[in-house]
1. Neighbouring Cβ atoms within 10 Å as the yardstick, rank 245, 96, 18 fewest first.
2. For the charge dipole of the chain, defined by +1 on Lys and Arg C-beta atoms and -1 on Asp and Glu C-beta atoms about the Cα centroid, which residue among 478, 416, 158 has the Cα displaced farthest towards the positive pole?
3. What value in Å³ per residue do you get for the convex hull of the alpha-carbon atoms in region 359-465?
4. About the Cα centre, and with charges only on the beta carbon of Lys, Arg (+1) and Asp, Glu (-1), how big is the dipole of region 421-482? Nearest 20 debye, please.
5. Among 273, 215, 293, which residue has its Cα positioned farthest towards the positive end of the charge dipole of the chain, with +1 placed on the Cβ of Lys and Arg, -1 on the Cβ of Asp and Glu, and the dipole taken about the Cα centre?
6. To make sure I understand, if each residue's beta carbon is the centre and we count other beta carbons within 10 Å, what order do 83, 90 fall in, fewest to most?
7. Which of 357/437; 344/437; 336/357 have a Cα-Cα distance over 29 Å?
8. To the nearest 20 debye, what is the magnitude of the charge dipole of region 229-303 about its Cα centre, counting +1 on the Cβ of each Lys and Arg and -1 on the Cβ of each Asp and Glu?
Amino acid sequence: MTLAASHAEHHRGFNLHCQGLVKEAEPFYRAALALDPDFKEAWMNLGLVAFRQGRTEEAEACQREALRLDPESPDAQNNLGMIHYSLGRIAEAENCFRAALRLDLAQPNATLNLGSVRQLHGYIDEAEGLFRRALALGVDPVRAKTNLALALMEQVRPQEAEQCCREALAINPQSAEARSNLALALLTMGRLEEGWREYESRWEVEAMSAPLPVLPRPRWIGQELNGETVLLYAEQGFGDTLQFCRYVPKVAAAGGRVVLVVPNALRRLMATLDGVAVLMSEEGNAALPPFDYHCPLLSLPFAFDTTMQTIPAPASYLRADAAGWSEFLGGLPGLKVGLVWAGKSRTAQPHAVAIDKRRSMRLADMAPLLAVPGCSFVSLQLGPPAAQMQALPEGAVLHDVSGRMGDWADTAGLIMGLDLVVAVDTAVAHLAGALGKPVWMLNRFDSCWRWFLGRDDTPWYPSMRQFRQTSRGDWAGVIERVRDALADRSRQADTANNPAPLTSG
């Protein structure tokens, strides 16, 4: 009688769980376990409920209890792997997914999840094969197709990625992940109007680092303005803020009074941006002033119906003064070149960590540039990768001024005194472009959507030139091309500064 009752309680909980009502399902799973503490499936499902509600320690304990009761359970191994993955314990997650597949080679969810892990490790062909196998095994096709779309994007196959996302949306039109991935494919291909619209779904994706702020006034999506106050705020990384703050003057020109909220490290630099009525730091304790609308910076292209032809691209839109660096820079001979070889790693997001690894290189990879004659090199690199300067090749000179760069305004001042910035796809490249300084961006093979396809220029920054990898991970080929271009530029600068003497004929 007790077993029958526990199964009945579990069945009620499972029905609610399948409808997405995880909080409502939890009491029934607990009731089932109160009647039968050895009910493996109830432990697994209670663990999934706890996981969905962010109680990862409890979720892990539940899956381990299920495995204690049945060490041969592939589902419990897969569930435990998902928890490890969410906590950034990727090696442990992979072990669990492989254990699940050793127990049941046809376990569809473990197949799909192992594909995600292999994708993080850079085994993109293997990941694609696992996603396709998971589809054949009957995994949730929406999940599989959205994952497959990302694998195709990494292989620079955006048309196929688009098709996968549209197939997923045909099954579930409400899938935020499918819409968000569709946006990435469309934006990459330059189909901006539909791309911006679909990109608004990013706020609904659970993997987003932060939800859309709940604010008491409506979103601004391009409504007519007649002096209303529009609250604009930073949303993602420094680079995104530096790129899309270009829209602030357009909001002001459209009739809005702009209140701009940015990270404190950017506040002094953003004081040079036109169109800002009130500038605030997101780390401050000051209360927001009254406002009529609000909009995150990365939604402004959507609000302005931006197309490839209407991307706002002034020669510069931020300003800085190099006066504070004049003594240092005045002592450097030749062409003054700033270098950045690595982006900032976002350790809490496994997918972002994988992207950071692909967009970054080691200083040792960039070191051949230091041998180009007629140049003085200055490091613009901050964070842990800056420590790589301690192992420079013998004879190489790279000036370290990190101790003087307190915020982005300091970095901007230094850049204004340089002749050229050479950087991977990170915020410094955006800063140089926003200042209108020459910048050569070294771009990974599976470029970010904002750089589009097959271009060595960009409509976002007139002063930027791109050097793209021609195959995955090939920084050596990029550096060889940059070295040749830098040598040419150095020779041109030397000729301009030291013209050949006139001769009589």
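Throughout, read-outs are computed from the coordinates displayed, never taken from laboratory work. Since this is a predicted model, take the numbers as computed values, not measurements. Virtual Cβ from ideal backbone geometry, glycine too; neighbours counted across all protein chains shown.
1. Values: 245 25, 96 28, 18 9.
By the 10 Å Cβ count, ascending, the order reads 18, 245, 96.
2. 416
3. Cα convex hull per residue, to the nearest whole number: 114 Å³.
4. Numbers: 8 positive and 6 negative charges, 16 e Å.
Taking the Cα centre of region 421-482 as origin, the dipole is about 80 debye.
5. 273
6. On the way: 83 24, 90 18.
Listed from fewest to most nearby Cβ atoms, that is 90, 83.
7. On the way: 357/437 26 Å; 344/437 22 Å; 336/357 27 Å.
Distance filter (> 29 Å) returns an empty set.
8. With only Lys, Arg, Asp and Glu charged at Cβ, the dipole is about 200 debye.
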